[in-house]
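The structure under discussion appears below in the form of C-alpha cells.
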Amino acid sequence: MSKVQIVWFRDLVRWDTEYFTGNHRLESKFKLVYLSEILNPRKERIKPNEYDRITPIVSKIPFSNPSIELRKEPKTKMDMYAVYKNDLLVSNINFHQGAIAICRENKVFASTHYQPYIVNTDNIDLEFLVLVLRQNSYQEYISAKKIRGIKTESNFNFIKTLQIPLPPLEVQKQIVAQIQSLKAQIKALQVEEKRLKDEIEAYIYIALGLEKSKKQKDKRSLSCVLKI
C-alpha cells in the first residue's frame, strides 16, 4: 500500500517549473535592458613577471558585503586583470551568489577568475547597479539562466544575455538614497540594541550585588603586587 506524505507549501524551497527549465523571466514596470548595453569587459591583462609588486591585489569579494578585500602580500603566480576606480568587479565563479563590487581604489589587480567591467554610467547609477545585481530575486534569475547550460564561470558571454530593470536616472538615485537611509536606521538600531543590552547587564550586576569573579580578584591582587 502506498504511503502519502503531506508537504507544506511553505517548506518548498523551489516550486516553479520555470526555474528548473531555465525560463525564469524578469518582470518590471520599467524597461528591461540587456547588460551588454551597460557593461563592457576590461581586458588589460598582465603576466606575473610584469607585476610591479606594489599595486594591491584582490583577495576576495565577500557575499555579505559588496566590497573588495585586498591581499596582505602583493605577489602572484597567475595572470591578472587591471581594475580601475568605478569599474564593476565580478567574481566569475560566484557572480550568482552576489560576489560583485565597485572598485574604490585608483587601481588594483585581480586574478582572471574575476572580470572587471567598464560601466556605461550615462544611463545607470553604479550603486543602483550593484543593488539590483545583489538582490535575492535577481540572483534567482541568474541561477535559473545558468541551469540552461552555463555550469561553470559566469563570463561575459553569459552575463550579456541577462536583463536588468532600468528606471530613469533620477528614480535610480531616489531608490539608492532611500535604501541607504534604511540601512543607516538599521545600524543605529543595532548600536542602540547593544547599549541597552549592556545597560541590562550593568543593572543586574548592581541589583544583585554581584562580586567580581575569583579570576578578576586574583588579577587585581597581582596588579597591586607588581605596583609595590
Original post:
Where does each of 112-120, 61-69, 184-192 land if you order them by average Cβ count within 10 Å, highest first?
Top reply: 112-120, 61-69, 184-192
**OP:** Between Asn123 and Leu210, with labels modelled 7 Å along Cα→Cβ, what's the label distance in nm to one decimal, could you check?
**Re:** 6.1 nm
Original post:
Taking other Cβ within 10 Å of each residue's Cβ, how do Val132, Val83 sort, fewest first?
Top reply: Val132, Val83
Original post:
HN-Hα J couplings of the range 132-141 from phi, Karplus 6.51/-1.76/1.60, θ = phi - 60°, integer Hz, Gly and Pro as x?
Top reply: 5, 5, 9, 5, 4, 5, 6, 5, 5, 4
Subject >> Leu39, Leu162 arranged by Cβ crowding within 10 Å, fewest neighbours leading >> reply: Leu162, Leu39
Original post:
How compact and how long is the range 13-167, expressed as Rg and Dmax of its alpha-carbon atoms in Å?
Top reply: 16.1, 51
Original post:
Can you list the HN-Hα couplings for the range 27-40, worked out from phi with the Karplus curve (6.51, -1.76, 1.60; θ = phi - 60°), rounded to whole Hz and with x for Gly and Pro?
Top reply: 10, 7, 6, 9, 5, 9, 10, 6, 5, 5, 8, 10, 10, 10
Original post:
In the range 13-167, how many lysine pairs have Cα atoms under 17 Å apart, counting only pairs 8 or more places apart or on different chains?
Top reply: 18
Original post:
So if R0 is 41 Å, what FRET efficiency would His113 and Glu199 give, r being the distance between their Cβ atoms, rounded to the nearest 0.05?
Top reply: 0.30
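None of the figures in this text is laboratory data; all of them are computed from the coordinates on show. What you see is a predicted model; the values in this text were computed from it and never measured. Backbone-built Cβ (ideal geometry, glycine too); neighbour counts: all protein chains shown.
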